[in-house]
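Shown next, in structure tokens, is the structure this report addresses.
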Amino acid sequence: MAAVRRLQREYLGFADDPASLLAYRPCWDYQREVLGEVAEEARGDTVLYVEHEPVYTAGRRTTPEQRPFDGTDVVDVDRGGLITWHGPGQLVGYPIVRLPQGVGVVDHVRRVEEAIIRYLASLDLVTGRIKERTGVWFGADGDRPERKVCAIGIRVSRRTTMHGFALNLTNDLAPFENMIPCGIPDAGATTVQAELDAQGQGRRAPTLLEAAEALHPLLEELLAFEPYTPSPDVVR
């Protein structure tokens, strides 16, 4: 039986009422608070599952031309990665965990990717990684280019991670057309619902709560930092 790392979990902003969506800046402050507690071992490793109010956030390497074309405000943050969008219908997860000695941020990112890939496989959706491109992707098929379904950006402080992943479930893709998502001009963004619709079977995407509950045990397994076999890359 695979080893697991018990992760506490919190659900923030999940509701049918748009007024309940969580603003980004207070959540960022809360992440830092939780990180301090986890780093001091005052609380266990924790994943925050969040549904945010609409917001663009930009990692440290974001360039001016990648920002929203219409001048929409952007929150500049201290994570890796470039620019992305958060909002209703997207599951954002912030794993705040202590890294074992000798484990770096890249291995942490790859394991978060792997958890997402395995979760999507349970929905009969084939995804993977693309070399030199962080996140989880669908490969090009027919007239459709490579499509990112999950963005990932991480920061490590005091050997403890913060920020995390943004999995597109049922969200509107229009905000991604107002920028160069993750700084990649030759690829697209997609959602779980869009890919299920393309299969033509009439299936609905999971709710945010359903997705979080199914994904959590996969994160517990992968973030135990035991040896694992990565899923294949998306063929380019």
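Each value in this text was obtained by applying a stated rule to the coordinates, not by laboratory testing. Fair warning: this is a prediction, and the values are worked out from it, not measured in the lab. Here the Cβ positions follow ideal geometry from the backbone for every residue, glycine too, while neighbour counts run over all protein chains shown.
Worth a mention:
- Hits in region 88-133 (condition: closer than 19 Å to SER157 by Cβ, assigned to a strand (DSSP E or B) and of a type outside the set (A, V, I, L, M, F, W, C)): GLY93, TYR94, PRO95, ARG98
- Residue match in region 168-177 (condition: touching a Ser or Thr at 6+ places or on another chain (Cβ under 9 Å), of a type in the set (Phe, Trp, Tyr), in a strand (DSSP E or B) and farther than 18 Å from ASP78 by Cβ): no
- Of all residues in region 193-206, those that are in contact (Cβ under 8 Å) with a residue 24 or more places away in the chain and farther than 10 Å from LEU123 by Cα have Cβ atoms under 7 Å from Cβ atoms of residues that are aromatic (Phe, Trp, Tyr) and surrounded by 14 or more Cβ atoms within 10 Å (Cβ to Cβ), 6 or more apart or on another chain, in GLU195/PHE138.
- Residue in region 124-136 that is exposed (fewer than 13 other Cβ atoms within 10 Å of the Cβ), charged (D, E, K, R) and within 20 Å of ASN171 (Cα to Cα) present: yes
- Count of residues meeting criterion [of a type in the set (Phe, Trp, Tyr) and under 14 Å from LYS148 (Cβ atoms)] in region 107-127: 0
- Selection of region 2-20 for residues being part of a loop (DSSP other than H, G, I, E, B) and more than 20 Å from the chain's Cα centre (by Cα) yields ALA2, ALA3, VAL4, ASP16, ASP17.
- When the test is whether a residue is at negative phi, part of a loop (DSSP other than H, G, I, E, B) and surrounded by 14 or more Cβ atoms within 10 Å (Cβ to Cβ), ASP197 does not pass it.
- GLY153 being within 12 Å of the chain's Cα centre (by Cα), more than 25 Å from ARG204 (Cβ to Cβ) and part of a strand (DSSP E or B): yes
- Of all residues in region 21-52, those that are outside any strand (DSSP E or B), touching an Asp or Glu at 6+ places or on another chain (Cβ under 8 Å) and not aliphatic (A, V, I, L, M) total 2.
Conditions tested, residue by residue: (1) exposed (fewer than 15 other Cβ atoms within 10 Å of the Cβ); (2) under 28 Å from ASP197 (Cβ atoms).
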{"position": "ASP73", "(1), (2)": "yes, no"}
{"position": "VAL77", "(1), (2)": "no, no"}
{"position": "GLY81", "(1), (2)": "no, yes"}
{"position": "ILE116", "(1), (2)": "no, yes"}
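- Some residue of region 38-45 being over 24 Å from THR160 (Cα atoms), of a type outside the set (A, V, I, L, M) and out of contact with any Phe, Trp or Tyr (no Cβ under 8 Å at 6 or more places or on another chain): no
- Enumeration of residues in region 21-52 that are hydrophobic (A, V, I, L, M, F, W, C) and within 19 Å of the chain's Cα centre (by Cα): LEU21, LEU22, ALA23, CYS27, TRP28, VAL34, LEU35, VAL47, LEU48, VAL50
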